[in-house]
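The values are calculated or read from the model by the stated rules, or taken from the named source; none is laboratory data. Here the structure is a predicted model, which means the values were calculated and not measured. Methodologically, a virtual Cβ is constructed for each residue, glycine included, from the backbone with ideal geometry; neighbour enumeration extends over all protein chains shown.
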Amino acid sequence: MSKVITNFSGCIHLRHPYGNGGTAFSLSMVWVQALPFVALQYYEGDDAEAIKIFLVCSFCIWLILNIAFFCTIDLDFIGTFFGTITAAQYTVELFQNATDDAMKFDAAFTNRISFTMPIHGEIKEWVRLNIDRWRLEAPAWFVVELIPDEFLPVEVYEAEGGERRKRRRSSVSMREIVGMGVVGAQ
């Protein structure tokens, strides 16, 4: 969906690594400007010349607006338009550069778990060292259900129900969505 939205709107916010990524976004912008001219080569209607004039005018306006945009933005952000960082690399960077536990928790447990695969050991150790304090202090950002079972120390895992009681996950089954509940729950 983000690729389609980018192609039709040019939404600058979709250049984020979780969206299209910097280079993919920039290439997409060039692609959507070139493709109408390619399509026009195969068009055989009587109004081909009028369409060509419209496309050239549209391209010129697009080019002028982009030049104006790049001349007015903070140049520190120019790299975000051409960066090649992936969503997984970005997530790992967020975790490792976080300045507090809330930011680390957000990076580690509110994104796809596969994004943090290279640092699972580091995350497990961080959870082991801090979970007792988090459970005592109960900060608003700490939701133990967001932490996958394999990241919890054994004693915390067992205190949360362990194998006897499946901990509630953020995913919901289709049966729960349509109101059928869990089989055998009644």
Filtering segment 94-105 down to residues that are crowded, with 16+ Cβ neighbours inside 10 Å and touching a Phe, Trp or Tyr at 6+ places or on another chain (Cβ under 7 Å) yields 104, 105
For the subset of segment 1-18 comprising residues that are within 18 Å of residue 91 (Cβ to Cβ) and at pLDDT 75 or above, which member is surrounded by the most Cβ atoms within 10 Å (Cβ to Cβ)?
15
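Rundown of residues vs (1) of a type in the set (S, T, N, Q); (2) touching a residue at least 40 places away in the same chain (Cβ under 8 Å); (3) more than 14 Å from residue 87 (Cα to Cα), yes/no style:
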site	(1), (2), (3)
103	no, no, yes
106	no, no, yes
114	yes, no, no
117	no, no, no
120	no, no, yes
125	no, no, yes
128	no, no, yes
133	no, no, yes
140	no, no, yes
If you go through segment 106-119 one residue at a time, do you hit one that is of a type in the set (S, T, N, Q), assigned to a loop (DSSP other than H, G, I, E, B) and closer than 30 Å to residue 147 by Cα?
yes
Check residue 83 against each of (1) of a type outside the set (S, T, N, Q); (2) surrounded by 13 or more Cβ atoms within 10 Å (Cβ to Cβ); (3) part of a helix (DSSP H, G or I) and name the one condition it does not meet.
(3)
For residues in segment 49-62 being farther than 17 Å from residue 9 by Cα and surrounded by 12 or more Cβ atoms within 10 Å (Cβ to Cβ), which is nearest to the chain's Cα centre (by Cα)?
54
